[in-house]
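Report on one structure; see the data block that follows.
Values in this text are rule-based calculations from the coordinates and carry no lab data. Fair warning: this is a prediction, and the values are worked out from it, not measured in the lab. All Cβ positions, glycine included, derive from the backbone under ideal geometry; neighbour counts span all protein chains shown.
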Amino acid sequence: MATAKVVSGRKVRYAVVGLGWISQAEFMPGVAHTGNSEMVALVTGHEEKAEKLGELYGIARSCGYEELDALLASGEIDAVYLATPNFDHVEFAVKTLEAGVHLLIEKPMAVSVAECERIIAASRKTGAKLMVAYRLHFEPGTLRAIERVRAGEIGTVRMFNSTFSQPVSAQNHRAKNGFWAGPAPDMGPYPVNAVRNLFGAEPIEVFATGVCTDPERFRDSEGKPFDDTVAVTLKFEAERVASFVLSYNGGDVDDFRVVGSTGDLYSNPAYQVGSAIEHELTIRKKKSSESFRKTDHFGGELKYFSNCILNDIHPEPDGEEGLLDVRVIAAIEQALLTGTVQKLAPYYRKRRPMSSQVETLSPVTEPKLVRSHKPSEGQ
């Protein structure tokens, strides 16, 4: 049986699996200034992407998805950054971890709780490290918000609400593959993860309702319309509630407000990559504000994960964190299908983001993309 790759005295060598927009626009430009990571291989189904990106970043090794097994066994890589469509995560993730190769996987971790459990089991089998790419767990404004709420600055926490919307092109794969490519799995992890960590708790009930605002644009693989706009309500123990709306057919909006017995904290923006997070804190009607400069979210999370590999540290946003978000998203799907409240078993997670995780790498400039587009523009 394979065992986890041991890396010492050099940078962690990564293969980038999936060369779509998020890999090209955000992950790849940030690798160089982490100081502890390097890209040595590209895995894609598009030869042109591999050739041009290989030239841009000086990466000689590339292969198709069907050759991933050989790459994993080659000894040429220590870790994988996995950014394929959600449906492909479990297959590639299990292969990677069972080969003893460490894995940084994009969210959502998978498209079911059972798939998340398979990925976690593969990590435990070899000891290869598994981290879900929760970039905001290393962003200064996000960690500051959690710290202030945790310290009781707004009193006893009562409620949370959020809006996260963006326009998605009809040509983008997100508009063509139904629920598990839709707004709840794609954008939902942001407010779900935010409220879980601001409350320091897991929801016990989930309800959702949705609408399709453009049936011609948003259709699943069978041609049936799916909900491009979804409203969700979560109930927590200690009489706390949360609500948020997610949309693929609205303007660019991302904010949240967490309300306590003596005040509230409002973040706008709250989730978008590369945003300069801004907070407005109100305590007994007295307002104050705090701004946080832009940072390289992807470089920061990668630097953290590589440090975990190099120093044998268990990453905080691990497989359990990914599973707990997918558990909520799966319940959202069932609530939409049945029109009924979904109950979740009580669950206690010991680990939460800490201020010591903050990374402040400078933002990167988005490079010219190769056969890839923002979600609002195409594939």
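If each residue's Cβ is checked for other Cβ atoms within 10 Å, how do 66, 147, 139 rank with the fewest at the top?
Values: 66 9, 147 14, 139 27.
Lowest count first: 66, 147, 139.
Compute the separation of the alpha-carbon centres of region 241-285 and region 166-213 and state it in Å as a whole number.
16
Please arrange 351, 13 by how many other C-beta atoms lie within 10 Å of their C-beta, fewest to most. Walk me through the intermediate numbers first.
Details: 351 12, 13 20.
Least crowded to most crowded, the residues run 351, 13.
Take the alpha carbon atoms of region 169-232, find their radius of gyration, then divide it by 2.2 N^0.38 Å using N residues; give the quotient. Could you put the intermediate results ahead of the total?
On the way: Rg = 13.5 Å, N = 64, 2.2 N^0.38 = 10.7 Å.
Taking the Cα Rg and dividing by 2.2 N^0.38 Å, one obtains 1.26.
Which FRET efficiency value, to the nearest 0.05, do you get for residue 66 and residue 286 by plugging their Cβ-Cβ distance into 1/(1 + (r/R0)^6) with R0 = 41 Å? Numbers along the way, then the final one.
Details: r = 61 Å, r/R0 = 1.49.
Step by step, r from the Cβ atoms, then E = 0.10.
By how many nm would the segment from residue 113 to residue 272 lengthen if fully extended, with 0.36 nm per residue of separation less the alpha-carbon distance?
Net length gain for the segment: 54.7 nm.
Classify region 136-287 as rounded, prolate or oblate, taking a ≥ b ≥ c as the square roots of the eigenvalues of its Cα gyration tensor: rounded when a/c is under 1.5, otherwise prolate if a/b is larger than b/c and oblate if not. Could the numbers behind the result be given before it?
Details: a/c = 2.56, a/b = 1.87, b/c = 1.37.
In terms of gyration-tensor shape, prolate.
Using DSSP, restrict attention to beta bridges with both residues in the chain and report what percent are antiparallel, rounded to the nearest 5. Intermediate values should be presented prior to the final figure.
Working: 43 of 70 bridges.
Among the beta bridges of the chain, antiparallel pairing accounts for roughly 60 percent.
Give, to the nearest whole percent, the P(r) tail of region 205-363 beyond 26 angstrom, counting all Cα pairs. List each step's numbers first, then the result.
Working: 5864 of 12561 pairs.
Tail fraction, whole percent: 47.
Using the beta-carbon distance between residue 204 and residue 176 and R0 = 30 Å, what value does 1/(1 + (r/R0)^6) give for FRET efficiency, to the nearest 0.05?
0.30
Determine, from the Cβ-Cβ distance of residue 262 and residue 355 and an R0 of 25 Å, the FRET efficiency 1/(1 + (r/R0)^6), rounded to the nearest 0.05.
Working: r = 22 Å, r/R0 = 0.88.
The value I calculate is 0.70.
Please compute the Kirkwood hydrodynamic radius of the chain from all pairs of different C-alpha atoms, in Å with one decimal.
Hydrodynamic radius (Kirkwood, Cα only) of the chain equals 21.1 Å.
Please identify the DSSP H helices in the chain that span no less than 18 Å along the helix axis (Cα) and have a mean Kyte-Doolittle hydropathy of 0.5 or more.
Details: long enough: 113-126 (20 Å, -0.02); 297-311 (21 Å, -0.02); 319-338 (28 Å, 0.72).
Span-like helices, by this rule, are 319-338.
Sorted by mean Cβ packing within 10 Å, highest first, what order do the peptides 192-201, 332-341 take? Before the final figure, lay out the partial values.
Values: 192-201: 22.6, 332-341: 15.6.
Packing order, densest peptide first, comes out as 192-201, 332-341.
Please express the Cα-Cα pair-distance distribution P(r) of region 1-41 as a list of whole percents, one per 10 Å bin, running from 0 to the bin with the greatest distance.
Computed distribution, short to long bins: 25, 47, 23, 4.
Given region 19-70, what whole percent of its Cα pairs are spread farther than 13 Å?
It works out to 59 percent of all Cα pairs.
Where does each of 156-166, 97-107 land if you order them by average Cβ count within 10 Å, highest first? If you can, show how the numbers build up before the last one.
Details: 156-166: 19.8, 97-107: 24.5.
Going by the mean number of other Cβ atoms within 10 Å, highest first, we get 97-107, 156-166.
Fewest first, what order do 321, 290 take by the number of other Cβ atoms within 10 Å? Intermediate values should be presented prior to the final figure.
Details: 321 25, 290 16.
Fewest-to-most ranking of 321, 290: 290, 321.
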